[in-house]
Amino acid sequence: MPFSQKTTRRIRRHIITLDQLTRTNIQVTCELERLDFWSEDLDEVVVWLVPVSTCYYGWHSGTPGSISIPSISLAQLGDFFSGRYLRLTDILRHEWAHALADVHPGFVECRAFVRCFGGEYEDPESPEEYDRELHVSKYAATMPAENFAETFHFYIRHKGRLPVRLAGRPAIVRKWNFIERIARAMGLGRTGFR
C-alpha cells in the first residue's frame, strides 16, 4: 500500500539533507554571532552530515572539534513513529553549546558553573530527577553538560529574552543569567571566567 503525501512529507522531515544542514547551520551560527557567542576558535569547528547513527547528533572534541549530524538516525525513526519532531535548528543550537564549552572551557570549569548547573560539566554521576522548576527540558536533567546545552539552546532560540513561562523559576533564571554572562564576556573578547 503506497504512503499518502502527508506521510511522505513526514518521512522527509525526519531525513536531513546536506542542503538543509548547510542552511540551518548558517542560520544558527548567525544567531550565535548576533548574541555575541562567536569567536575565531569556533570558526575551526566543522559540521558534518553523516549517513546514519543511533542518536540525533554528536559533538566530538579534538582539534578542530566537529559536530556530526546524521541524515537518518534510529532516534529520528522513533520520533517518526511516535509523531514527535525535534527541529534541526534546536539540535544545532544544543551542539554549538557543547562546541563552545569545549573550545572555551574557562566558561564551564568554574565554581559558578557547578553551583548553577548542579555539578562539573562532564560529570555523569550527577544526574538529577527532572523538575520543571530546575530544568528547561527532561534531557537537561541527565547531566550538567546537557543542562547547560539545553538552557543555551533555549537562550538562543528566544534571542536571549527569558520567556515569561520560565521567569518565575529561580534556578532557570540563574542558568539564563550565567549564559548571558558568557555572551557579555565573549563580546569583550574573553574566553572564560576567572
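Provide, for q = 0.18, 0.21, 0.25 Å⁻¹, the log10 of I(q)/I(0) from a solvent-free Debye sum over equal Cα point scatterers in region 133-179. Ignoring solvent entirely, the Cα scatterers give -0.44, -0.61, -0.87. Could you compute how fast region 104-194 diffuses translationally, taking Rh as the Kirkwood radius over C-alpha pairs and applying Stokes-Einstein at 37 °C with viscosity 0.692 mPa s? Give it in µm² per second. Rounded, D is 250 µm²/s. Modelled spin-label separation between residue 129 and residue 184, with each label point placed 7 Å from Cα along the Cα-to-Cβ direction: 3.5 nm.
Bear in mind that the values in this text are calculations on the coordinates, not laboratory data. Because the structure is a prediction, the values reported are computed rather than measured. Cβ: placed from backbone, ideal geometry, glycine included. Neighbour counts: every protein chain shown.
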